[in-house]
1. Which members of region 97-126 meet the condition of being of a type in the set (A, V, I, L, M), modelled with pLDDT of 95 or more and within 27 Å of Phe26 (Cα to Cα)?
2. Within the bounds of region 89-98, is there any residue that is over 16 Å from Val13 (Cβ atoms), outside any loop (DSSP other than H, G, I, E, B) and either in contact (Cβ under 8 Å) with a residue 24 or more places away in the chain or in contact with a helix residue (DSSP H, G or I) (Cβ under 8 Å, 6 or more places away or on another chain) (or both)?
3. Confirm whether Arg57 is surrounded by fewer than 16 Cβ atoms within 10 Å (Cβ to Cβ), over 15 Å from the mean Cα position of the chain (by Cα) and within 29 Å of Ala227 (Cβ to Cβ).
4. So Val81 clears everything in (1) among the hydrophobic types (A, V, I, L, M, F, W, C); (2) closer than 19 Å to Phe138 by Cβ; (3) loosely packed, with under 14 Cβ neighbours inside 10 Å except one condition, right? Which one?
5. Considering region 200-230 alone, what residues qualify as being among the aliphatic types (A, V, I, L, M), surrounded by 13 or more Cβ atoms within 10 Å (Cβ to Cβ), without any contact (Cβ under 8 Å) to a residue 60 or more places away in the chain and more than 10 Å from Phe151 (Cβ to Cβ)?
6. Within region 92-110, can one find any residue that is among the hydrophobic types (A, V, I, L, M, F, W, C) and under 12 Å from the mean Cα position of the chain (by Cα)?
7. So Ala165 ticks every box in (1) loosely packed, with under 13 Cβ neighbours inside 10 Å; (2) under 22 Å from Val13 (Cβ atoms); (3) of a type outside the set (Ser, Thr, Tyr) but one. Which box is left unticked?
8. Looking at Ser67, Ser36 in this structure, which one is hydroxyl-bearing (Ser, Thr, Tyr) and within 16 Å of Glu134 (Cβ to Cβ)?
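The values are calculated or read from the model by the stated rules, or taken from the named source; none is laboratory data. On a predicted model such as this, the values are computed, not experimentally measured, just so you know. Here the Cβ positions follow ideal geometry from the backbone for every residue, glycine too, while neighbour counts run over all protein chains shown.
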Amino acid sequence: MSKLEHLGGDLFVADGPPARDMGIHFPTRMALAKLSDGSVWISSPVLVPFDTLTSIRQMGPIHHLVSPTPRHYWRLKAWHVLFPEAELWSSPITPVTLKEEDLPLTGVLDGRVPGAWAADFDQELIGGSRLLREVAFFHRPSRTLLLEDVFQVHAPKPDRPLLNAALRLGGIAGPDGGVARDIRLSFRDRTATRESVDRILAWDFDKVVVAHGPVIREGARAVVEKAFGWLRP
């Protein structure tokens, strides 16, 4: 687990411990932004060391805890215990939402930006899938795109040939990564997905933070365009 890493414009990331999902260990990461009103917004919160948590508390009052993808809903629970006054926001609940119990949500995310963070973020609910209803965020001050499960980059492991083969076949192996083939199949309305991706590509981003993979600091637009190339004729 790491300390806070500053990406510019009051946006930070911190890595958490690996999480096991569907038999695979995934790296985890959260993004944090200090908003224009001085409060703190956290996406996909992860477990962090005490000193990192102390640094986060010192950034400002934590007002918003966000799960932008169905598979990260469960992460809100522990942070809700720590910060019971913070608002909880989730992507639309789907059959693959990973949760142990219902939480007292302030709202369900869509393509409309809540006023609380409209001064700092744009957002887009990626359309076309009944299962993976993920919300992408664009942090304007740092020109950073935030993606979660829809785009992943997994580095090969020297001692895991079968896993490496599965990652390559799945379309998410490093160094380029991509949209996993099973996730692609969930996007039944390709027109709606393409329109969402076009709106995302219209944002002026130069970095990409993904939940499962390295932070992309150079050539980010070309990487995202390539990852969604399967949507094009």
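1. Leu103, Leu105, Val108, Leu109, Leu125, Ile126
2. Going through region 89-98, the residues over 16 Å from Val13 (Cβ atoms) turn out to be 89-98.
From what is left, the residues that are outside any loop (DSSP other than H, G, I, E, B) are 89-90.
Filter once more, so that each one left must be either in contact (Cβ under 8 Å) with a residue 24 or more places away in the chain or in contact with a helix residue (DSSP H, G or I) (Cβ under 8 Å, 6 or more places away or on another chain) (or both): 89-90.
Scanning region 89-98, I find at least one residue that is over 16 Å from Val13 (Cβ atoms), outside any loop (DSSP other than H, G, I, E, B) and either in contact (Cβ under 8 Å) with a residue 24 or more places away in the chain or in contact with a helix residue (DSSP H, G or I) (Cβ under 8 Å, 6 or more places away or on another chain) (or both), so the answer is yes.
3. Considered against the rule, which asks whether it is surrounded by fewer than 16 Cβ atoms within 10 Å (Cβ to Cβ), over 15 Å from the mean Cα position of the chain (by Cα) and within 29 Å of Ala227 (Cβ to Cβ), Arg57 comes out as no.
4. (2)
5. Leu201
6. The first filter runs over region 92-110 and keeps only residues among the hydrophobic types (A, V, I, L, M, F, W, C), leaving 93, 96, 98, 103, 105, 108-109.
The next check asks that each one be under 12 Å from the mean Cα position of the chain (by Cα); those that pass are none.
Checked region 92-110: no residue is among the hydrophobic types (A, V, I, L, M, F, W, C) and under 12 Å from the mean Cα position of the chain (by Cα).
7. (2)
8. Values: Ser36 fails: within 16 Å of Glu134 (Cβ to Cβ).
The conditions single out Ser67.
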